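The values are calculated or read from the model by the stated rules, or taken from the named source; none is laboratory data. This structure is a prediction, so every number in the text was calculated from the model and none was measured. Positions of Cβ are generated from backbone atoms using ideal geometry, with glycine treated the same way; all protein chains shown enter the neighbour counts.
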Amino acid sequence: MLKKHHYNVVIVGGGISGTALLYTLSKYTNIKDIALFEKYDDLSTLNSNAKSNSQTLHCGDIETNYTLEKAKITNKTASMLENYGLLYGYEDKYMFKIPKMALGVGDEEVKFIKDRFEEFKDEFPYMEYWDKEKLLKIEPALLKGRDEDENIAAMGTDKRWSAVNFGEISKTFVKNAKDENNNIEVHLSKEVQKIEKIGDKFELTVNGKHYYADYVVVNAGAHSLLLAHRMGHGLDYSCLPVGGSFYYSKIQSLKSKVYTIQNPKLPFAAIHGDPDIIKGNISRFGPTAIVLPKLERYHHAHFLDFIETLAPSKEVIEVFYDLMRDEDIREYAIKNFLYEVPGIRKKFFAKEIQKIVPSMSEDDIEFAEGIGGLRPQVIDKKTKKLFLGEAKIKTGEGIVFNMTPSPGATSCLGNAYSDAELIAKHLNITFDIRKFNKDLLDKDN
Ligand SMILES: Cc1cc2nc3c(=O)[nH]c(=O)nc-3n(C[C@H](O)[C@H](O)[C@H](O)COP(=O)(O)OP(=O)(O)OC[C@H]3O[C@@H](n4cnc5c(N)ncnc54)[C@H](O)[C@@H]3O)c2cc1C
């Protein structure tokens, strides 16, 4: 029995994180038997799908909520995905060079952009400073209808692969992994219900059947922490699921990805406008940010799982209390709630868009039904803080859990790299880091 359903590594979850790891292990290690279990009948139907996220390859150059240090790390993992796309010829198929910028509006923000440009230009030498005059040429919609006295400026580029269809890329990971190793198995419509440590192996219960693994990596989005808690891991963490919705412009407006300046207290990108690469590049604005009592944006049956993952406690209440005590965060939470209320939401959201495209009215936009996803933001109960970005639970016992809010899709290969290192050490197998770096890192974009 052990032989039949025994694998060296089992990956739980077939989003971009799970599939990137499958590819990395298949191509750059000598592990033979690998299986991936995905509970739905296709890969990347949740957050990694192009309908669910903003399709942005986050390099750290336009994300104003990243420090230079954070931007350097993100840029490195973004380069891995760019190089992967170039290696297989996915340019203009699954990744696109759409111009992108961080926009400052008003004197204070313009100064912020100027200072940031100076700080970032050595690390990101392709970035340019664009003043009002230049922006009028590049992206006239930013100026049309704007008060003449209002100053604007941006730092931007048209030289990077900025937009990615992460869902389609995850399918290529599986295809290319199978080309490298014909022993791998991808099981769709197979939900991992339980994981148990038995001796030095793991027993996974999947649709009532048992499977065994020497090593397990859980890349199950918001469900990762649930599975961790059930095994007694990650008990210092809570998961706060933050839904994100979008609005479509009914008129053609932006040719670029336009990010605005975020309040540094918030762990999300501020509202931005992006040409939607799967909808003829029509502008999509968002995402909103609203806490939702569920683990998947468009599936309803997870309320109890939500409670289990949130693991309410004195510390969690203190984190909420501290967040809500801050006037900016309170205002942000109320505004984002209003952006979701049918009947009034368009009116409120149009005001937000007008910071980017001043001439756009509520009649020019529509709520994007069924578009959007859910960010599993992690609360560290010990420090009573919200994590900015991903979190990993390394147990040291042969199982790892990844929680992947934004920029989790961008950093899929970076995460896969660190998991492959952990697996190689634990199982005493070879991970060809030199080849990984040669293919995916040591290139000039
Ligand atoms: C509104 C929004 C905008 C975003 N924008 C960006 C962006 O522009 N750029 C960026 O880099 N990132 C962005 N992100 C984040 C990005 O979408 C995620 O970080 C990324 O998709 C996470 O991938 P994943 O594979 O870890 O998780 P997911 O894509 O959520 O996949 C998890 C998979 O695990 C499966 N699963 C769950 N439980 C089980 C189980 N028990 N058994 C088997 N399978 C299971 C699920 O069905 C799912 O397929 C955004 C997210 C949101 C919500």
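Residue by residue through the stretch 400-414, note down the ones that are crowded, with 24+ Cβ neighbours inside 10 Å and either at pLDDT 95 or above or of a type in the set (A, V, I, L, M, F, W, C) (or both).
Matches in the stretch 400-414: 400, 401, 402, 403, 409, 410, 411, 412, 413.
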Checklist entry - Can you spot a residue in the stretch 259-268 that is at pLDDT 95 or above, under 19 Å from residue 101 (Cβ atoms), buried (at least 23 other Cβ atoms within 10 Å of the Cβ) and more than 15 Å from the chain's Cα centre (by Cα)? => result yes
Checklist entry - If you check residue 435 against the conditions, is it within 24 Å of residue 240 (Cβ to Cβ), away from the ligand (no atom under 16 Å from the Cβ) and either touching a residue at least 40 places away in the same chain (Cβ under 8 Å) or part of a loop (DSSP other than H, G, I, E, B) (or both)? => result no
Next on the checklist: Among (1) within 26 Å of residue 180 (Cβ to Cβ); (2) away from the ligand (no atom under 13 Å from the Cβ), there is one condition residue 419 misses while meeting the rest; what is its number?
Outcome noted: (2)
Item to check | Top-ranked residue of the stretch 230-243 - restricted to ones that are within 13 Å of the ligand (Cβ to nearest atom) and modelled with pLDDT of 95 or more, ranked as surrounded by the fewest Cβ atoms within 10 Å (Cβ to Cβ) | outcome: 230
Checklist entry - Taking the stated definitions as given, is residue 360 crowded, with 18+ Cβ neighbours inside 10 Å, away from the ligand (no atom under 16 Å from the Cβ) and not acidic (Asp, Glu)? => result yes
Checklist entry - Looking at (1) surrounded by fewer than 16 Cβ atoms within 10 Å (Cβ to Cβ); (2) within 16 Å of the ligand (Cβ to nearest atom), can you tell me which one residue 158 breaks? => result (2)
Item to check | Whichever residue in the stretch 294-352 is within 16 Å of the ligand (Cβ to nearest atom) and hydroxyl-bearing (Ser, Thr, Tyr) and, among such residues, is farthest from residue 269 (Cα to Cα) | outcome: 309
Item to check | Qualifying residue in the stretch 350-359 (condition: closer than 21 Å to residue 242 by Cα and touching a residue at least 24 places away in the same chain (Cβ under 8 Å)) | outcome: yes
Checklist outcome for this item: Selection from the stretch 368-387 of residues within 16 Å of the ligand (Cβ to nearest atom), buried (at least 18 other Cβ atoms within 10 Å of the Cβ) and farther than 30 Å from residue 214 by Cβ yields 368, 371, 372, 373, 374, 375, 377, 386
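For the stretch 258-293, which residues satisfy the criterion of being among the hydroxyl-bearing types (Ser, Thr, Tyr) and within 13 Å of the ligand (Cβ to nearest atom)? Walk me through it before giving the result.
First, the residues of the stretch 258-293 that are among the hydroxyl-bearing types (Ser, Thr, Tyr): 259-260, 283, 288.
Scanning the stretch 258-293 gives 259, 288.
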